[in-house]
Amino acid sequence: MKAILKHRLFWPVAALLALIVINTIARPSFLSITVQNGQLYGPMIDILRNSAPLMLVALGMTLVIATRGIDLSVGAIMAVSGAVALTFISGSSDPDGLPTVIIAVLLGVGVALVLGVWNGFLVAVVGIQPIIATLVLMLAGRGVALLITGGFITTINSEPYRFMAQGYVFGLPFAFYVSVVAIVVVALLERRTALGVLTEAVGINPEASRLAGVRSRGIIWGAYAASGLLAGLAGILYSSNIMAADANAAGLYIELDAILAVVLGGTSLMGGKFSLAGTVVGVFTIQTLKSTITFLGVPPAVSPLFLAIVVVIVVLVQSPRTRGHLARALRTLSRDDSKAVAS
Amino acid sequence: MTEAPSAVVEMRDISVVFPGVKALDGVDFTLRAGEVHTLMGENGAGKSTLIKALTGVYAISGGTITVQGRERVFRSTADAQSAGISTVYQEVNLCTNLSVGENVMLGHEVRRFGRIDWRATHREAARHLAALGVDIDTHSALSSHSIALQQLVAISRAMVTDARVLVLDEPTSSLDRGEVEQLFAVVRDLRDRGVAILFVTHFLDQVYEISDRLTVLRNGRLIGEHLAADLPRGELISQMIGRELDELEAISRAAEREVDRTAAPVLRATGIGRKGMLEPVDVEVYDGEVVGIAGLLGSGRTELVRLLYGADRPDTGETEVRGASARITNPRHAIDRRIAFSSEDRRAEGVIGDLTVAENMVLGVQAQRGALRKIGRAEQDAIVAEYMTALGIRPANPNALLRNLSGGNQQKVLLARWLATAPQLLILDEPTRGIDVGAKADIQRKVAELSAQGLAVVFISSELEEVVRISQRIAVMRDRRKISELDAIGIHVDDLVDVIAQESPLIAPETTSSHQKPETTPSHKKPENAA
Amino acid sequence: MSTLTAEPAAPASPLAETVRRFRSRHAAWIPVFAALVIFLVMLVGAQAYFGNFLTPRVLSALLLDNAYLLILAVGMTFVILTGGIDLSVGAVMAFTGMLGASLLGQGLPTAVVVPVMVILGAGMGLAVGIMVQFFDVQPFIASLAAMFAARGLAFMVSLSSIKVEDPTILWLQSTRLQGAPGTFYLTPTGIIALLVVLTGILVLQYTRFGRTVYAIGGNEQSARLMGLPVVRTKLLVYVISGVCAGLAGVVFTAYTGAAYPLTGVGTELDTIAAVVIGGTLLSGGSGFVLGSMIGVFVYGTIKTVISFLGAEQSWTRIIIGVILLAFVVMQRLIVTRTGANRR
């Protein structure tokens, strides 16, 4: 029993389950799944579908955070990839054709990958702090996306493109499969190979890893490239959902949602050990929370407040200093800073 | 004057307990006014813990601390400071982004109508510095001065708070001979003014040069307290080392063997250097040989081996591995040539704390194989089992996080990491620093064993006894260049100390090599130079 | 006993000596000088290009249009000097603005509302500080949660903007203090901003609290061992940042004549950019309020130039991003050069 309690995933999963239980009590229809035309519908299915962009971004963010970095530009990259893809389609002669869509997706994701490589270059080679390096793209990226769309919200009509976010395969949303494939690929890459352990080593102690012969530069660079790539894919899904490229709204705040999902899942912002499973749980938690808030009739604009409360609770619970803190706090205010036990 | 000076600080029956380790066990310690009292002991003996208990960094688990007759409980460093105890740490805990004057007066700046009067503050700072014979621009940035000067600034700061007790924790580690002289002059002056001084150093010669009284700790217990005049050097060493002396003698005897230098050396570096870091140095190591590198801190030992390994990039020089030219400018080049390097700062450059013992151990091998070919479970278990027994790692749990092991066991795991890569040359920088006596002996024994079996080793240690014990050849460094190379077989530590000191222009040439007992009470006459 | 001096070697030429001494004493000011130079170059360049840039009207607007950013930058400087960061300032500014406007609309007098806004900001800052100091939460996450919370709270006050009709508030913005028609003018909001800057300068330079801030940024461990009140100081810097956010809320509401819940989106990043451009190091321990002020003016100049060009405002963010990158790379080059010599 103790082993279960101490397991890293315990609190994140418990939080998610608690959330689901509360939801079901408030609206029994939460768990209901109906079948229409061989396709499944229901609030849970919505969560599976709508969480896809966040899932992709959060997976990439997990890798970046594990290397002791952060990627604030993912939202902007989403905007750019959507803008590139849609601009291509709207300017092409055959917007409904599959080849056009495939090229558009490849272009969008390709540009996103290049942006990710750029971020990686700034951090791994030039040595700039990740916050600043990605902040630059965050500031500039949306502007670039706006320039690509000419300041307008580009809309298109393309069935293959629409399918990605709104279509179904074997009864489940296509977007959900995209999530699953991404999770599986990243997990295999990190855990089947030594990439995961080496990434953790780099995050925990970059210098020791370098001296031990780990290719730190390559690993860090790769993490940012992956983050960019995944963000690009997320951007495609997002624009597919609204069939438009909205440079201002695409991925707005998603970097924050992603960071929260990663932290909720138990990965520390200080880098090092990371948990993909934890991130997955974190993403579902955030998505469920959003669904709950919408159902309660709270305007979406206010939802950040609830996210903040959940985050604070989880972070405080995870913090090792929470126990017996009140007494310490009082003493600390009177200049106490000694450690009774060496750490 | 025959009466003992009055006690300023009395520590009685002090115990400090950490999870799983009793760092101090019933230690008594007294500091007297106008006396330099040196705390002696090997790494891991408890010196650092005792100091941290006195200065409020650690809370004590048992015993009492009395300062100037009043019993005190220190819950913070500020508590200790307000009791009149000031500390200058080895890392000189000042703020390098601020000016000299500001560092001296930080927290005690001169104020007028509630706002800081900078003119008066800098004047005060200059006054305190001058009282120690230091004359520098108080407006200059602290970072623009040498460590030696920064230490004196730290001491001035102690005097600002009118400290009755001054703790100096390894203050000479980064100083050259001239700077040590200056520091000692300041210390003697403060002593003569009645300050009680607690001095910690592992340089035995300096101990006899500056101390009035000695206290020896071993394995967290008090072994003895003596006047420096009453404790000859040999007795001091045996009190510090204890019964492990026999084991170490055995290692020493085993190291006295001939090395076959007919084939090409494993590594030959000619003119290796880097601007601002190291003057060009030649060094070579043969199979089955331990080349020891001796010198004071700051002499360039670590810089040399880092350049050899490619941890830092050399500007000049050439390297040959077994006769073939080799370009080594980063760690991967070295690793590809089967050269391994264990850094002196294991916490910052070796230990990957949140990974398990097993993961840390196979990291070197894994890095060699690349990220895509993961080491299988069976192979990992085999490697871990082999080295756990060979090096005596405790606790023998491969899934324990490395940060939870003691310093000695962490060092063994790091050693295992490198040995698992089957190197042909192993470079060890201070592998026995800060670990308990038993582990030190284990590591020295293992290194001697491996080299007897054919491994080439480069070995750095600040403890000259260790260098002398296991090396066949010793390179002596000073002021960032190599000044000498000696055959280590049959050499005595004092001879080595001689060589290191002989090059200094400040020491008179007729200085004898072994320490003589001073004839009078310590506080009035300088003991003869020990080196 | 011999006297110990700093330079036993023979001194170089007198000029080299003076330069070396200057650099040693004032090294931290060099980035600020760099920022000032860039600012002046921009002004001169703009004047050369447009011909009517350096007019009293434009220059006065430079201060007054960015008064809110100036106030935020002062608070952010304190936080960054200790090595922390505060991402909540934009959202807190919006929230206090919304609450203030709402209270004013309900008839409460200005003399009550303005202090309430400032205290609210202080409270949010205190919450962040407590999380950082007593629960070991990283400043990034703690202030991120506060940002979410404040944004949600702003929307909870009202989903749409609230017009402000209170004469006192409007007076803050509309009154012009002008020497003679056609020369520079100031409004009370500008005066508030300048007073905040002045207070910041005095506190950092002439109080023990201010010097402790620098000490913590330089080496927190040392500051603690030197007996400085580290805990109290770190708490206070976040409170100061919150107070500034509250004040900025007052000023911005007066400036726009209304409170809008989406105010200040991205403003925290503008603030950080201004502070970094102004020569403050993100790692802490080095920087000046004066520099941050110059950084704000650089930002304002770019905005003005963009509007002169008639280009889209999204270019502002892009250019700020590029300049920020250039500054950070420069900082990095200077650091690596001095760092390499030390070994």
Filtering segment B:294-329 down to residues that are under 21 Å from residue B:419 (Cα atoms) and hydrophobic (A, V, I, L, M, F, W, C), which residue is farthest from the other protein chains (Cβ to nearest Cβ)? B:321
Name the residues in segment B:330-354 that are within 7 Å of chain A (Cβ to nearest Cβ) and either under 18 Å from the mean Cα position of the chain (by Cα) or surrounded by 21 or more Cβ atoms within 10 Å (Cβ to Cβ) (or both), would you? B:331, B:335, B:341, B:343, B:348, B:349, B:350, B:351, B:352
Which residue out of C:192, C:162, C:201, C:240 is surrounded by fewer than 24 Cβ atoms within 10 Å (Cβ to Cβ) and closer than 17 Å to residue C:121 by Cα? C:192
Restricting attention to strands (runs of 3 or more DSSP E) lying wholly within segment B:15-76, give those where 2 or more residues are surrounded by fewer than 22 Cβ atoms within 10 Å (Cβ to Cβ) and touching a residue at least 12 places away in the same chain (Cβ under 8 Å). B:21-32, B:62-67
For segment B:128-136, indicate whether the set of residues that are under 23 Å from residue B:196 (Cβ atoms), more than 10 Å from chain C (Cβ to nearest Cβ) and not in a helix (DSSP H, G or I) is non-empty. no
Could you go through segment B:369-381 and let me know if any residue there is under 30 Å from residue B:201 (Cβ atoms) and surrounded by fewer than 20 Cβ atoms within 10 Å (Cβ to Cβ). no
Go through segment B:48-73 residue by residue and tally those that are within 7 Å of another protein chain (Cβ to nearest Cβ), closer than 20 Å to residue B:215 by Cβ and hydrophobic (A, V, I, L, M, F, W, C). 1
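May I ask you to say which residue of C:272, C:319, C:294 is free of Cβ contacts under 8 Å to residues at least 40 places away in the same chain and either under 17 Å from the mean Cα position of the chain (by Cα) or assigned to a helix (DSSP H, G or I) (or both)?
Unique residue meeting the criteria: C:319.
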Condition met for residue C:235 (over 21 Å from residue A:130 (Cα atoms), modelled with pLDDT under 95 and facing another protein chain (nearest Cβ under 10 Å)): no
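Just the residues that are surrounded by fewer than 24 Cβ atoms within 10 Å (Cβ to Cβ) and not charged (D, E, K, R), please, taken from segment A:257-273.
A:266, A:268, A:269, A:270, A:271, A:272
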With the structure loaded, tell me whether residue B:142 is touching a Cys at 6+ places or on another chain (Cβ under 9 Å) and either surrounded by fewer than 19 Cβ atoms within 10 Å (Cβ to Cβ) or within 20 Å of residue B:103 (Cβ to Cβ) (or both) or whether it fails that test. yes
Filter segment C:247-264 down to residues that are within 16 Å of the chain's Cα centre (by Cα) and under 16 Å from residue C:151 (Cβ atoms), then give me how many there are. 4
When you check residue A:46 against the structure, is it part of a helix (DSSP H, G or I) and loosely packed, with under 15 Cβ neighbours inside 10 Å, yes or no? yes
Which count do you get for residues in segment B:239-251 that are modelled with pLDDT of 75 or more and surrounded by fewer than 17 Cβ atoms within 10 Å (Cβ to Cβ)? 2
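Go through the residues of segment B:107-126 one by one and say whether even a single one is free of Cβ contacts under 8 Å to residues at least 60 places away in the same chain and within 29 Å of the chain's Cα centre (by Cα). So that I can check it myself, show each step before the final result.
Pass one, segment B:107-126, residues free of Cβ contacts under 8 Å to residues at least 60 places away in the same chain: B:107-126.
Among the residues that remain, those that are also within 29 Å of the chain's Cα centre (by Cα) are: none.
No, that holds for no residue.
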Near pairs, Cβ below 8 angstrom, 6+ apart or cross-chain, from segment B:265-277 (within 17 Å of residue B:458 (Cα to Cα)) to any residue that is of a type in the set (Phe, Trp, Tyr) and outside any loop (DSSP other than H, G, I, E, B): none
Hits in segment B:407-447 (condition: part of a loop (DSSP other than H, G, I, E, B) and over 22 Å from residue B:247 (Cα atoms)): B:420, B:421, B:422, B:423, B:424
The condition of being out of contact with any Lys or Arg (no Cβ under 8 Å at 6 or more places or on another chain) and either surrounded by fewer than 23 Cβ atoms within 10 Å (Cβ to Cβ) or among the β-branched types (Val, Ile, Thr) (or both) holds, among A:101, A:125, only for A:101
Among the residues in segment A:72-86, are any in a loop (DSSP other than H, G, I, E, B) and either touching a helix residue (DSSP H, G or I) at 6+ places or on another chain (Cβ under 6 Å) or among the aliphatic types (A, V, I, L, M) (or both)? yes
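If you go through segment C:249-267, how many residues are in a loop (DSSP other than H, G, I, E, B), of a type in the set (A, V, I, L, M) and within 14 Å of residue C:100 (Cβ to Cβ)? Walk me through how you get there before you give the answer.
Narrowing segment C:249-267 to residues in a loop (DSSP other than H, G, I, E, B): C:257, C:260-266.
Narrowing the set further to residues that are of a type in the set (A, V, I, L, M) leaves C:262, C:265.
With within 14 Å of residue C:100 (Cβ to Cβ) added as a condition, the list becomes none.
Total meeting the criteria: 0.
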The listed residue being within 20 Å of residue B:115 (Cβ to Cβ) and among the hydroxyl-bearing types (Ser, Thr, Tyr), out of C:187, C:207: C:207
Could you grab the pairs with beta carbons closer than 6 Å, sequence gap of 6+ or different chains, first residue in segment A:286-309 and under 12 Å from residue C:153 (Cα atoms) and within 9 Å of another protein chain (Cβ to nearest Cβ), second one part of a helix (DSSP H, G or I) and small (Gly, Ala, Ser)? A:302/C:152; A:304/C:152; A:305/C:149; A:305/C:152; A:308/C:145; A:308/C:149
Of C:180, C:223, the only residue that is small (Gly, Ala, Ser), more than 18 Å from the chain's Cα centre (by Cα) and within 23 Å of residue B:110 (Cα to Cα) is C:223
Could you tell me whether any residue of segment C:132-142 is surrounded by 20 or more Cβ atoms within 10 Å (Cβ to Cβ) and in contact with a strand residue (DSSP E or B) (Cβ under 9 Å, 6 or more places away or on another chain)? no
Quick check on my filter: what residues within segment B:297-317 are assigned to a loop (DSSP other than H, G, I, E, B) and either at pLDDT 95 or above or over 12 Å from residue B:481 (Cα atoms) (or both)? B:297, B:310, B:311, B:312, B:313, B:314, B:315
Taking the conditions exactly as written (in a helix (DSSP H, G or I), more than 14 Å from chain C (Cβ to nearest Cβ), touching a Lys or Arg at 6+ places or on another chain (Cβ under 6 Å) and within 19 Å of residue A:240 (Cα to Cα)), does residue A:165 satisfy them or not? no
In segment A:212-248, which residue that is among the hydrophobic types (A, V, I, L, M, F, W, C) and free of Cβ contacts under 8 Å to residues at least 24 places away in the same chain is surrounded by the fewest Cβ atoms within 10 Å (Cβ to Cβ)? A:242
Would you call residue B:469 more than 21 Å from residue B:346 (Cα to Cα) and in contact with a helix residue (DSSP H, G or I) (Cβ under 8 Å, 6 or more places away or on another chain)? yes
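From A:74, A:125, A:111, which residue is within 13 Å of another protein chain (Cβ to nearest Cβ) and not charged (D, E, K, R)?
A:125
The values are calculated or read from the model by the stated rules, or taken from the named source; none is laboratory data. Every value quoted in this text rests on a predicted model; they were computed, and no experiment measured them. Every residue, glycine among them, receives a Cβ derived from its backbone with ideal geometry; neighbour counts consider all protein chains shown.
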